[in-house]
Amino acid sequence: TNLTGMRIRCHGDFHLGQVLFTGKDFVIIDFEGEPARPLSERRMKRSPLRDVAGMLRSFHYAASVKLKSQSVRPDDPIQLKPWARFWNRWVSVAYLKGYLDATAGSVFMPTTRAELLFSLDLYLLEKAMYELGYELNNRPELSDVPIAGILEILQPAESV
């Protein structure tokens, strides 16, 4: 079956580093897309859920990388890991709820919940796989961050 939801021009490299807080509002910057991808690919229209997945993965990175930083005492990551996971989930749910509320009924969104969940998981997995390649080539000490994200995406959903 075909996926619903109109494809549109998207940011293409959406993450926390592309969002600035002015003190009163948020400003999104750098709309040129992922610099490592060819221009023809960056100009393609895509589902906006691809950018949503980029932001969700960015929240995971923010929580995970902070635990590896020099500002954290050696014993703290063990105690802080559950809190980092909680923060990541809470922020991700709040962001996704806000996005879905703001875009409800839009022609660029999937028409069913099943398609939305499938598409979002697909884009999350695509982003995490890209991150893994990037980390292996540039920062191998951080490769466990996208690996953890991939494993989480591939796990069956917890029953609510």
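The values are calculated or read from the model by the stated rules, or taken from the named source; none is laboratory data. Remember, it's a predicted structure, so these values are computed and weren't measured experimentally. Surface accessibility is based on the protein's heavy atoms, side chains included, excluding ligands, DNA and RNA. Shrake-Rupley method; radii C 1.70, N 1.55, O 1.52, S 1.80 Å.
A 1.4 Å probe, protein heavy atoms only, puts the accessible area of residue 99 near 50 Å². Note that the chain presents 68 Å² accessible area per residue, ligands and nucleic acids not counted, probe 1.4 Å.
Under a 1.4 angstrom probe, counting protein chains only, how are 59, 108, 26 ranked by accessible area, largest first?
Heavy-atom accessible area, descending, gives 26, 108, 59.
Of all aspartates and glutamates in the structure, the ones whose alpha carbon falls short of 13 Å from that of residue 68, not counting any fewer than 8 places away in one chain, are 76, 141, 144. Computed from the Cα positions only, the extents of the stretch 71-129 along the three principal axes stand at 49, 25, 18 Å, in decreasing order.
Averaging the sequence gap over all C-alpha pairs within less than 8 Å and six or more residues apart, then dividing by the number of residues, gives the stretch 1-103 a relative contact order of 26 percent. Of the solvent-accessible surface of the chain, computed with a 1.4 Å probe over protein heavy atoms with every protein chain present, carbon and sulfur atoms account for 62 percent. Taking all Cα-Cα distances within the stretch 1-89, those exceeding 23 Å account for 42%. For residue 95 and residue 126, the difference between the fully extended length at 0.36 nm per residue and the C-alpha to C-alpha distance is 9.2 nm. For a straight C-alpha distance cut-off of 24 angstrom, the lysines reachable from residue 24 (same-chain residues fewer than eight places away being disregarded) are 97.
When each pair of different Cα atoms in the chain is counted once in the 1/r mean, what is the Kirkwood radius in angstroms, to one decimal?
17.1 Å
Scaling against 2.2 N^0.38 Å puts the C-alpha radius of gyration of the stretch 88-160 at 1.29.
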